[in-house]
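Before any comments, here is the structure.
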Amino acid sequence: MKRKACAEVGIKSFDVDLPEQVSEADLVKQVHELNVNPDIHGILVQLPLPRHINEEKVLTEISLEKDVDGFHPLNIGKLSMKGREPLFVPCTPKGCLELLHRSGVSIKGKKAVVVGRSNIVGLPVSMLLLKEDATVTIVHSRTSEPERIIREADIVIAAAGQPMMVKGSWIKPGAAVIDVGTNAVDDPTKKSGYRLVGDVDFEEASKVAGWITPVPGGVGPMTVTMLLQNTLEGAKRKLEQSN
Ligand code: GUN
């Protein structure tokens, strides 16, 4: 999807495919080569990485100016601090906020509940909502009575990776629901043998919500779009610096 979208807008992209057994040192070496290549404005290390590789170490080695995923600890740190701006905002969280803005959903002073606390989505999207003056609650696997908390939310961001976990009866009427989940579930009627479902029971929740994103076709394409936007921003920043 990322490759296709780059081609559509005229961003040159290429893959560095490495074997699963690649050593951490060799992977870091590759990242360093991309860091110093002046023709490259964005680097994305596709996650998850094999278990023998230290994800934090690899992500820390990506040049800050090229960290279009926004996963460098310094970017995440700045994202989490009041009055600081990261160079890049992680793509999925950025896409979630873009969806809310473009749909005219007001965030300031609203109750937002984020389901899930991953480094990729749950945590950074919570920080973005907080920066926009929402009152943010994070529901996770150890939270008691998640339904009760979610039912109070004006904005629900579901990013737990649990198929159809959020039921229609958990949604406050009129709430904005963003479903980040992409879970493959068995479906013998499909040629592939599976279909993708979100973390929200769309059928039920769409009858109650004021706004809701479908899976597939909601957050996924926005994530890719934000990746392109980050890459463009990175390239522009580089150009401004050299002028
Ligand atoms: N794996 C799942 N989501 C993402 C993402 O946003 N970026 C990267 N690099 N890997 C992922």
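The values are calculated or read from the model by the stated rules, or taken from the named source; none is laboratory data. Given the structure is predicted, the values throughout are model-derived calculations rather than measurements. Using ideal geometry, Cβ is built from the backbone for each residue, glycine included, and neighbour counts are taken over all protein chains shown. For accessibility, only protein heavy atoms count, side chains too; no ligands or nucleic acids. Shrake-Rupley method; radii C 1.70, N 1.55, O 1.52, S 1.80 Å.
Quick look at the values:
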| item | result |
| --- | --- |
| Meets criteria (in a loop (DSSP other than H, G, I, E, B), surrounded by 15 or more Cβ atoms within 10 Å (Cβ to Cβ) and of a type in the set (Val, Ile, Thr)) for Val215 | yes |
| From the options Pro86, Pro90, Pro73, Pro124, residue that is free of Cβ contacts under 8 Å to residues at least 40 places away in the same chain and under 10 Å from the mean Cα position of the chain (by Cα) | Pro90 |
| Residue list for region 77-101, restricted to those being within 15 Å of the ligand (Cβ to nearest atom) and surrounded by fewer than 20 Cβ atoms within 10 Å (Cβ to Cβ) | Glu98 |
| Region 136-149, residues that are within 20 Å of the chain's Cα centre (by Cα) and surrounded by 15 or more Cβ atoms within 10 Å (Cβ to Cβ) | Val136, Thr137, Ile138, Val139 |
| Qualifying residue in region 48-56 (condition: open to solvent by 20 Å² or more (accessible area, probe 1.4 Å), touching a Leu at 6+ places or on another chain (Cβ under 9 Å) and farther than 18 Å from Leu232 by Cβ) | yes |
| Among residues of region 97-109, those that are within 19 Å of Ser80 (Cα to Cα) and either assigned to a loop (DSSP other than H, G, I, E, B) or acidic (Asp, Glu) (or both), counted | 4 |
| Whichever residue in region 102-118 is under 18 Å from Met222 (Cα atoms) and not aliphatic (A, V, I, L, M) and, among such residues, is farthest from the ligand (Cβ to nearest atom) | Gly104 |
| Enumeration of residues in region 180-196 that are part of a strand (DSSP E or B) and surrounded by 10 or more Cβ atoms within 10 Å (Cβ to Cβ) | Asn183, Ala184, Val185, Tyr194, Arg195, Leu196 |
| Selection status of Gly42, within 13 Å of the ligand (Cβ to nearest atom) and either open to solvent by 80 Å² or more (accessible area, probe 1.4 Å) or among the small types (Gly, Ala, Ser) (or both) | yes |
| Residue, farthest from Thr182 (Cα to Cα), within region 150-164, restricted to residues that are of a type outside the set (D, E, K, R) and over 19 Å from the mean Cα position of the chain (by Cα) | Ala153 |
